[in-house]
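Step one of this worksheet: look at the structure below.
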Amino acid sequence: MKVTVFGSGYVGLVTGACLAEVGNEVVCIDIDAAKIERLNRGEVPIHEPGLDAIIQRNREAGRLHFTTDIDRAAEHGLFQFIAVGTPPDEDGSADLQYVLAVARSIGERLKDYRVVVNKSTVPVGTADKVREAIRAAQEARGKAVEFDVVSNPEFLKEGAAIEDFMKPDRIVVGTDNPRTTELLRALYAPFNRNHDRMICIDIRSAELTKYAANAMLATKISFMNELANLAERLGADIEKVRVGIGSDPRIGYSFIYPGCGYGGSCFPKDVKALERTAREVGYTAELLQAVEGVNNRQKTQVFEKIHTYFGGKLRGKAIALWGLAFKPNTDDMRDAPSRVLMEALWAEGASVRAFDPVAMQEARRIYGERADLTLCENPDSALQGADALAIMTEWNVFRSPDFAVIKASLSNPAIFDGRNLYDPARLAADGFDYFSIGRQQGR
Ligand SMILES: NC(=O)c1ccc[n+]([C@@H]2O[C@H](COP(=O)([O-])OP(=O)(O)OC[C@H]3O[C@@H](n4cnc5c(N)ncnc54)[C@H](O)[C@@H]3O)[C@@H](O)[C@H]2O)c1
């Protein structure tokens, strides 16, 4: 089948590459010419395990193409996927300008029947806006070619995106007619083999399903962080509480890890956008407001602990920082807790010596060269000359470090662990001042 994907970011690239992998002819288009140039040179602009190999294989097989040519893209695919960004607008609502720009581009060029598949995360009612934008562009040309609009929200997780796309838990398809349901069923058949994962529903419910999923996950995290803060004050250990509640099958163990807050390109903006949508229809989404508020506060927890430890005197201090990405296995630093910590340290006159296994280039892109940020080659070099260590991402490489090296390198034996990687009793025995989330201080 012929597929066009608008937007070659995390979702667009994975979608295009995986659809090509099963034999489809895919054209990926982006307005970022530099990104397309890199892709055409064989470079993959994001870190996503397994993506490079799939892109290379399918480019070589002639099934996957990258372009900035809108005419070519609009002409190519029976399926026109929209996978562009929907960042928060100033008021927190989803900014639909990129989605609607694609819709107009398609409408201006529509010659034959097309299925426009919206994969971007968009508020309820966006399919109607996309349809309107296409219609208006057609009217301006004096042409009326048939098309359908489908909502097909994406549930992939950065860091495991290929696996999630190839073996999805579910494929949610929101349509308003059986023809498009069947076309999507055929397109997704290779990913839907051992049991039916397609959930075919109406368009508005599909649009809301994506927000509901992310808001639920964000709620679990903020709930645990709220409990962690209570546990700290009550002399309890949140990790023991976690196991105690996770063993209840109605609660389960997944996604109940306390930490330094959620980040990334989805949860923060989607919780905000859903809360904003609620407001637009005259409903106050109190729970969503609290989820966001708890998370914003949680992102400052590690800084607060460092600030207290040093008696508020951070000027001239150097903090080693392990982990910049918002979670392991990605280089994505959008809304990452590490950024809140770094920016708070800088505001107090401290400097940061940071290491991340894959996000160093992204940090350089975001912050550029600055005297108070040293990007270090490995975890050990980040410790050199530092006064304390902070951990903000639970990369495997940080899980079992040589504590003797850490102790010998730091001028204070202090570890601020935003991900609860270590055993407080062991660190106390080793002579560390160990501060984690929702547990008692290690010494
Ligand atoms: N990243 C995730 O884990 C994830 C998961 C599920 C859903 N989503 C949703 O998918 C959407 C895309 O997210 P992303 O992380 O891939 O974003 P991204 O920022 O990585 O990529 C978006 C791309 O779209 C391009 N673009 C913008 N306007 C364009 C246009 N008119 N034509 C062609 N390309 C255009 C941008 O240049 C950019 O390369 C968002 O709505 C997001 O909420 C993201």
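The values are calculated or read from the model by the stated rules, or taken from the named source; none is laboratory data. In this text the structure is predicted, and so the values were computed from the model without any measurement. Note that each Cβ is placed from the backbone with ideal geometry, even for glycine, and that neighbours are counted across all protein chains shown. Ligands, DNA and RNA are excluded from the accessible area calculation, which covers all protein heavy atoms including side chains. Shrake-Rupley method; radii C 1.70, N 1.55, O 1.52, S 1.80 Å.
Based on protein heavy atoms only, the range 14-70 ends up with 44 Å² per residue of surface accessible to a 1.4 Å probe. Cα centroids of the range 103-133 and the range 225-276: 37 Å apart.
If R0 equals 41 Å, the separation of the Cβ atoms of residue 196 and residue 278 corresponds to a calculated FRET efficiency of about 0.80. Remark: the Cα gyration tensor places the range 230-359 in the prolate category, a/c being 1.5 or greater and a/b exceeding b/c. Computed from the C-beta positions of residue 146 and residue 37, the FRET efficiency with R₀ = 45 Å rounds to 0.80. One decimal place: the segment residue 89-residue 405 gains 109.2 nm when fully extended, by the rule 0.36 nm per residue minus the C-alpha distance.
Derived scalar couplings between HN and Hα for the range 7-18 equal x, 10, x, 4, 6, x, 5, 5, 4, x, 5, 6 Hz in order, rounded to whole Hz, by the Karplus curve 6.51 cos²θ - 1.76 cosθ + 1.60 (θ = phi - 60°), x for Gly and Pro.
Using the rule -39500 (n - 2.57) for each DSSP H run of four or more residues, divided by the residues of the chain, the 222 nm mean residue ellipticity is -13500 deg cm²/dmol. Pairs of alpha carbons in the chain separated by more than 27 Å make up 57% of all such pairs. Only Cα pairs under 8 Å and 6+ residues apart enter the sum, and on that basis the relative contact order of the range 162-243 stands at 29 percent. Rounded to the nearest Hz, the phi-derived 3J(HN,Hα) couplings of the range 115-121 under the Karplus curve 6.51 cos²θ - 1.76 cosθ + 1.60 (θ = phi - 60°) are 9, 8, 10, 8, 9, 5, 7, where x marks glycine and proline. Rounded to whole numbers, the Karplus 3J(HN,Hα) couplings from phi for the range 194-203 are 7, 7, 6, 9, 7, 10, 9, 9, 6, 4 Hz, using 6.51 cos²θ - 1.76 cosθ + 1.60 with θ = phi - 60°, and x at Gly and Pro.
The simple Förster model, with R0 at 35 Å and r as the Cβ-Cβ distance, assigns residue 136 and residue 182 a FRET efficiency of 0.80.
Label sites at residue 57 and residue 113, each approximated as a point 7 angstrom past Cα along Cα to Cβ, lie 3.3 nm apart. For residue 240 and residue 78, the difference between the fully extended length at 0.36 nm per residue and the C-alpha to C-alpha distance is 53.0 nm. Each label point was placed 7 Å from the Cα along the Cα-to-Cβ direction; for residue 364 and residue 290 their separation is 4.5 nm. Sorting 291, 340 on solvent-accessible area from highest to lowest, probe radius 1.4 Å, gives 340, 291. Here the accessible area is traced with a 1.4 Å probe on the protein chains. For the chain, carbon and sulfur cover 50 percent of it. Remark on residue 173: its backbone amide H falls under 5 Å from those of 199, 200, 201, a criterion applied only to residues 5 or more positions apart or on other chains, H modelled at 1.01 Å from N.
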